[in-house]
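Peer 1: Please see the structure below; I have some questions.
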Amino acid sequence: MMKIFTFCLLLFSVFISKAQETEEYITDHAEFAQTLMRDHKLPASLILAVAIHESAAGNSRIAQYLNNHFGVKGPNNNTEIRSSYRDYLSADESYSHFVEIMETRAPFNNLFEKYDQYDYKGWARGIQRSGYAHSRTWASQVIAMVKKYELYKYDERPEDYVEPVYKSAYRRKSSKARVSKNYTVKPGDNLSVIAKKKGTTVKALMNKNGLKKANLKPGQKIKL
């Protein structure tokens, strides 16, 4: 029991430590993210969340050695690590280049016409769809980061701002699709005839309906 308690305490300490590191990272970079937001109309919350996600809040190797906070690939002159990611003179330069990519490269530059500077959810999904990341959960993770650390408070939203509502990318199957179809046996029917009509097998019909014999009666209902 004592070992379990110690292990849980250790995990909790690690969690708190990481949260504190992320909070410090946000404090260090929020002001510049806001400056970029005002100049380029890209949500500060989105900029910060992407940087936190891609750089592990500044703790990744490419952030530490290359000042690369957005996972941008390219040549570098660093002799301390071998990497396919480009280097920057400072974190601010990395931040500025991310915004430049959004503004100058297709299809990212089309997103400015679709989303405003307060719509971090739309931006995250739009950037993912435009091919910034291969992970299907990338946008969800970035959005979760904004919510977890309340990064939207840096977006200077108007008091009457209403967040756009987007349809879910996944649709639930209708109740009709979940209900098993039944077939009413007609005079002259047998399992072989029914199986041929419905594109299945006699064995499958018998298993699905718990039948031990192949005999059927008119009016009998069987599951397909």
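Peer 1: Taking the condition of being more than 14 Å from Lys181 (Cα to Cα) and in a loop (DSSP other than H, G, I, E, B), how many residues in region 191-224 meet it?
Peer 2: 11
Peer 1: So, one more: From the list Phe98, Phe32, exactly one residue is more than 19 Å from the chain's Cα centre (by Cα), in the same structural domain as Val146 (by TED's automatic domain parsing) and in contact (Cβ under 8 Å) with a residue 60 or more places away in the chain. Which is it? Full working, then the answer.
Peer 2: Working: Phe98 fails: in contact (Cβ under 8 Å) with a residue 60 or more places away in the chain.
Result of the check over Phe98, Phe32: Phe32.
Peer 1: Further question on the same structure: Which of the residues belonging to region 75-103 are of a type in the set (Asp, Glu) and closer than 14 Å to Ala33 by Cβ? Can you show your working first?
Peer 2: Applying the first criterion (of a type in the set (Asp, Glu)) to region 75-103 yields 80, 87, 92-93, 100, 103.
Answer for region 75-103, where residues must be of a type in the set (Asp, Glu) and closer than 14 Å to Ala33 by Cβ: Asp92, Glu93.
Peer 1: Right, another one. List every residue pair whose Cβ atoms sit under 6 Å apart, with the two residues 6 or more apart in sequence or on different chains, where the first one lies in region 60-75 and is assigned by TED's automatic domain parsing to the domain that holds Asp92 and part of a helix (DSSP H, G or I) and the second, anywhere, is surrounded by 14 or more Cβ atoms within 10 Å (Cβ to Cβ) and among the acidic types (Asp, Glu).
Peer 2: Leu66/Asp87
Peer 1: Further, regarding this structure: Residues of region 67-77 being buried (at least 17 other Cβ atoms within 10 Å of the Cβ) and touching a strand residue (DSSP E or B) at 6+ places or on another chain (Cβ under 6 Å), which ones?
Peer 2: Selection gives Asn68 alone.
Peer 1: Of the residues Tyr170, Tyr166, which is assigned to a loop (DSSP other than H, G, I, E, B), surrounded by 10 or more Cβ atoms within 10 Å (Cβ to Cβ) and at pLDDT below 85?
Peer 2: Details: Tyr170 fails: surrounded by 10 or more Cβ atoms within 10 Å (Cβ to Cβ).
Checking each option against the conditions leaves just Tyr166.
Peer 1: Being acidic (Asp, Glu) and either touching a strand residue (DSSP E or B) at 6+ places or on another chain (Cβ under 9 Å) or over 29 Å from Pro158 (Cβ atoms) (or both) narrows it down to one residue among Glu31, Glu80; which is it?
Peer 2: Numbers: Glu31 fails: either touching a strand residue (DSSP E or B) at 6+ places or on another chain (Cβ under 9 Å) or over 29 Å from Pro158 (Cβ atoms) (or both).
Step by step, each of Glu31, Glu80 is checked, and only Glu80 is acidic (Asp, Glu) and either touching a strand residue (DSSP E or B) at 6+ places or on another chain (Cβ under 9 Å) or over 29 Å from Pro158 (Cβ atoms) (or both).
Peer 1: Can you tell me which residue within region 144-154, out of those that are crowded, with 19+ Cβ neighbours inside 10 Å and under 13 Å from the mean Cα position of the chain (by Cα), is farthest from Thr35 (Cα to Cα)? Please lay out each step first, then the result.
Peer 2: Of the residues in region 144-154, the ones crowded, with 19+ Cβ neighbours inside 10 Å are 145-146, 149, 151-152, 154.
Right, trim to under 13 Å from the mean Cα position of the chain (by Cα) and you get 145-146.
Numbers: Met145: 20, Val146: 18 Å.
Filtering first and then ranking leaves Met145.
For every residue, the table says whether it meets (1) surrounded by fewer than 17 Cβ atoms within 10 Å (Cβ to Cβ); (2) part of a loop (DSSP other than H, G, I, E, B).
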position	(1), (2)
Ser94	no, no
Ile101	yes, no
Glu113	yes, no
Tyr118	no, yes
Gly122	no, no
Gly126	no, no
His134	yes, yes
Glu156	yes, yes
Tyr161	yes, yes
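The values are calculated or read from the model by the stated rules, or taken from the named source; none is laboratory data. In this text, all values refer to a predicted model and were calculated from it rather than measured experimentally. Neighbour counts are summed over all protein chains in view; Cβ atoms, including those assigned to glycine, are modelled from backbone coordinates with ideal geometry.
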